[in-house]
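Undergrad: Got a structure for you, written out below as structure tokens; questions coming shortly.
The values are calculated or read from the model by the stated rules, or taken from the named source; none is laboratory data. Computed from a predicted structure; not experimentally measured. No Cβ is skipped: glycine too gets one built from the backbone with ideal geometry, and neighbour counts run over all protein chains shown.
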Amino acid sequence: MRIAYLDRTVHETDGEPKPNGDVSAISKSIDLQGSVETGDKTTIASKDFGGLYSIKPLALIKPAGSDDISRAIKAASRIPRMTVAARGNGHSINGQAMTNGGLVIDMRSTEENHFRLLNINGSFFIDVSGGALWENVLTRCVSRFGLAPRSWTDYLSLTVGGTLSNAGVSGQAFRYGPQISNVTELEIVIGKGDITVCSETRNPELFFGSLGGLGQFGIITRARVKLQPAPDMVRWIRVVYTEFDEFTRDAEFLVSRDDGESFDYVEGFVFCNNDDPVNGWPAVPLDPVHGFNPGIIPQTGASVLYCLEVAFHYQKGDHPSTVDKAVAGLLKRLRFVEGLKSQVDLSYVEFLLRVKRAEEQAKANGIWDAPHPWLNLFISKSNIVDFDQTVFKKMVKDGIGGPMLIYPLMRSKWDNRTSVALPDSEIFYLVALLRFVSRGPSVEESVAQNREIVEWCIKEGLDFKLYLPHYQSKEGWKRHFGDQWTRFVERKASFDPMAILAPGQNIFKRTHLS
Ligand code: FAD
């Protein structure tokens, strides 16, 4: 009976459900323990970090827990065309966590529901909420247990459910795989509204489908994350290359070595060979006191240069000379420009929260809230030289107003059973063009350049995939998933009755998966 209230809050206009503003009716109809806000253009759910789209959801539900989510999904599934989107921290770029006229489930309200350490056969795991921020998982695990997850993203104000719905990659992924390779169990509220626990052996189709599943299989309410002892300290180092082939040779050498024979973190970025404050020489020094001496760069006339970024973990009790020796032993195999090395020592937690510091500065300068038409790609090793020649050395040689990341990953550390689409080769590169529009080209120019880059990759037949994908057409999705498309669709249908009853009208919203 209660569904009738929710029904009456929806008026069909132009085929789209519109709210009548009666939030208490929605709350009552779903019998929520949590709260609900009407969706208007000022709600947080109307926008995301990308700042490219603005929509009007029907309502923003702040669930108390899995039962509320289950009730909301069951109620929504009985209303034609009603859609539901989980919202982590809204740090998507292209509206992935938004739904026009639908219900947005704000997972942040569930952060405190789970935080439990487990010791299973001598290995440690933490059960955390899908709506928990990784930065809180980090600080709580380190301060309470001296333990930490093994695989991260660069920036940690992202939710567990949000990154597990994509992959979650950073400079540790070459060793431990992405974040989706570091969870062993999930609790998910599926499209039928059932609260379901899954793992490699229990409901494996749901488990692997949801990992990298773009929020299409249900709402992740709990994740069991592998832990390891947290180091105390990190030596964070940057070295510079003029030649792309030397940069990639060294980066690939480091990510291919066995555990204990390489750095603990390997990333890199492209920067302009000029004094541009964002994309030029000033982007390199970790220690601003010593700065960057461009006089040392060999005169090759290169428009862009490359910075390899590595980190070495150690304990406070380690003798400084032991750390120096181990780091020097690893660096001596690398062919960077002599004299262009920058390093700092900081605590492990400070290192992992490094982008938070940059966020604070950008907020103070009013840059953080500008639109972010970002482009993230996975590109096969076999095509990365072509990509450098055309994209880095020509298309974006004057900078983009934000970091241009590039670093290698190992396919064997990823699980083929998850939903993520990857290039075919064992080594492939993450390339991220992280544009901040207030300091670079306009939104229109940035979006057009992103499109030009993707179209060039398609035209040249590059072995590549979009990371954090977003397509407007079924054809785009089919091309993205390739051989995995049928598996993705069948898996989704088995957990989402709307996918079966009304193809194309799936309950988990997709403006981008329609
Ligand atoms: P949202 O944007 O809110 O949601 C993302 C997707 O997940 C949506 O489809 C949503 O519906 C779904 N979703 C959210 N919560 C759940 C849930 N509980 N259950 C099921 N589905 C859910 N990514 C990396 O891999 N590595 C990085 O280093 C990295 N750095 C970043 C730095 C910044 C500053 C930003 C803004 C993003 C970065 N990202 C990075 C991308 C980020 O991982 C994704 O955008 C991620 O989806 C954002 O997390 P969120 O919690 O804000 O999710």
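Undergrad: Among D106, D68, which is free of Cβ contacts under 8 Å to residues at least 40 places away in the same chain, crowded, with 23+ Cβ neighbours inside 10 Å and more than 16 Å from the chain's Cα centre (by Cα)?
TA: After applying the criteria, what remains is D68.
Undergrad: So, one more: I'm trying to understand the selection: among the residues of the stretch 384-417, which are under 21 Å from the mean Cα position of the chain (by Cα), among the small types (G, A, S) and assigned to a loop (DSSP other than H, G, I, E, B)?
TA: Answer for the stretch 384-417, where residues must be under 21 Å from the mean Cα position of the chain (by Cα), among the small types (G, A, S) and assigned to a loop (DSSP other than H, G, I, E, B): G401, G402.
Undergrad: Using the structure shown, decide if F269 is in a loop (DSSP other than H, G, I, E, B), of a type in the set (F, W, Y), touching a Pro at 6+ places or on another chain (Cβ under 8 Å) and in contact (Cβ under 8 Å) with a residue 24 or more places away in the chain.
TA: No.
Undergrad: Which residues, taken from the stretch 117-144, are within 16 Å of the ligand (Cβ to nearest atom) and aromatic (F, W, Y)?
TA: Within the stretch 117-144, W134 is the sole residue that qualifies.
Undergrad: Going by what's in this entry, would G268 be described as in contact with a Cys (Cβ under 9 Å, 6 or more places away or on another chain) and either surrounded by fewer than 20 Cβ atoms within 10 Å (Cβ to Cβ) or polar (S, T, N, Q) (or both)?
TA: no
Undergrad: Regarding D154, is this residue in a loop (DSSP other than H, G, I, E, B), assigned by the TED database to the domain that holds P178 and acidic (D, E)?
TA: For D154, the condition - in a loop (DSSP other than H, G, I, E, B), assigned by the TED database to the domain that holds P178 and acidic (D, E) - is met.
Undergrad: If you check A167 against the conditions, is it more than 9 Å from the ligand (Cβ to nearest atom), in contact with a helix residue (DSSP H, G or I) (Cβ under 6 Å, 6 or more places away or on another chain) and among the aliphatic types (A, V, I, L, M)?
TA: When the stated conditions are applied, A167 does not pass them.
Undergrad: Hey, another quick one. Take E112 and tell me if it is on the phi < 0 side of the Ramachandran plot and more than 14 Å from the ligand (Cβ to nearest atom).
TA: It is true that E112 is on the phi < 0 side of the Ramachandran plot and more than 14 Å from the ligand (Cβ to nearest atom).
Undergrad: Filter the stretch 278-292 down to the residues that are modelled with pLDDT of 90 or more and more than 21 Å from K332 (Cβ to Cβ) and list them by number.
TA: Scanning the stretch 278-292 gives V278, N279, G280, W281, P282, A283, P285, F292.
Undergrad: Among strands (runs of 3 or more DSSP E) lying entirely in the stretch 25-136, which contain 1 or more residues that are farther than 29 Å from W152 by Cα?
TA: Passing ranges, in order: 35-38, 59-62, 103-106.
Undergrad: Select from the stretch 194-226 the residues that are assigned to a loop (DSSP other than H, G, I, E, B) and either of a type outside the set (A, V, I, L, M) or near the ligand (Cβ under 8 Å from one of its atoms) (or both) and list them in ascending order.
TA: Selection gives D194, E200, T201, R202, N203, G212, G213, L214, G215, Q216, F217.
Undergrad: Does D415 fit the bill of being closer than 30 Å to S199 by Cα, away from the ligand (no atom under 15 Å from the Cβ) and surrounded by fewer than 14 Cβ atoms within 10 Å (Cβ to Cβ)?
TA: no
Undergrad: Here's a follow-up. On the given criteria, is I190 at pLDDT below 95 and of a type in the set (V, I, T)?
TA: For I190, the condition - at pLDDT below 95 and of a type in the set (V, I, T) - is met.
Undergrad: Turning to a different aspect of this structure: Can you report the number of residues in the stretch 350-383 which are in a loop (DSSP other than H, G, I, E, B) and within 11 Å of the ligand (Cβ to nearest atom)?
TA: Within the stretch 350-383, residues that are in a loop (DSSP other than H, G, I, E, B) and within 11 Å of the ligand (Cβ to nearest atom) number 3.
Undergrad: For the stretch 33-51, enumerate the residues that are surrounded by 19 or more Cβ atoms within 10 Å (Cβ to Cβ) and among the aliphatic types (A, V, I, L, M).
TA: Residues satisfying the conditions are V36, A45.
Undergrad: It is to be established whether one or more residues within the stretch 222-235 are closer than 16 Å to L331 by Cβ and surrounded by fewer than 22 Cβ atoms within 10 Å (Cβ to Cβ).
TA: Yes, the conditions are met somewhere in the stretch 222-235.
Undergrad: (1) over 30 Å from G177 (Cβ atoms); (2) buried (at least 17 other Cβ atoms within 10 Å of the Cβ): which one isn't true of D275, the others all being true?
TA: (2)
Undergrad: Considering only the stretch 473-480, I want to know if a residue exists there that is touching a residue at least 40 places away in the same chain (Cβ under 8 Å) and crowded, with 17+ Cβ neighbours inside 10 Å.
TA: No, the stretch 473-480 contains no residue that is touching a residue at least 40 places away in the same chain (Cβ under 8 Å) and crowded, with 17+ Cβ neighbours inside 10 Å.
Undergrad: Counting just the residues of the stretch 467-494 that are assigned to a helix (DSSP H, G or I) and among the aliphatic types (A, V, I, L, M), which one comes out nearest to G218 (Cα to Cα)?
TA: Checking each candidate, the answer is A493.
Undergrad: Separate question: Would you call T139 among the hydroxyl-bearing types (S, T, Y), farther than 19 Å from I219 by Cβ and outside any loop (DSSP other than H, G, I, E, B)?
TA: yes
Undergrad: Report yes if some residue within the stretch 293-316 is at pLDDT below 95 and under 32 Å from the mean Cα position of the chain (by Cα); otherwise report no.
TA: Yes: the stretch 293-316 contains one or more residues that are at pLDDT below 95 and under 32 Å from the mean Cα position of the chain (by Cα).
Undergrad: Just to be sure, is V420 assigned to a loop (DSSP other than H, G, I, E, B), within 17 Å of the chain's Cα centre (by Cα), among the aliphatic types (A, V, I, L, M) and surrounded by 17 or more Cβ atoms within 10 Å (Cβ to Cβ)?
TA: Yes; evaluated as a whole, the condition is true for this residue.
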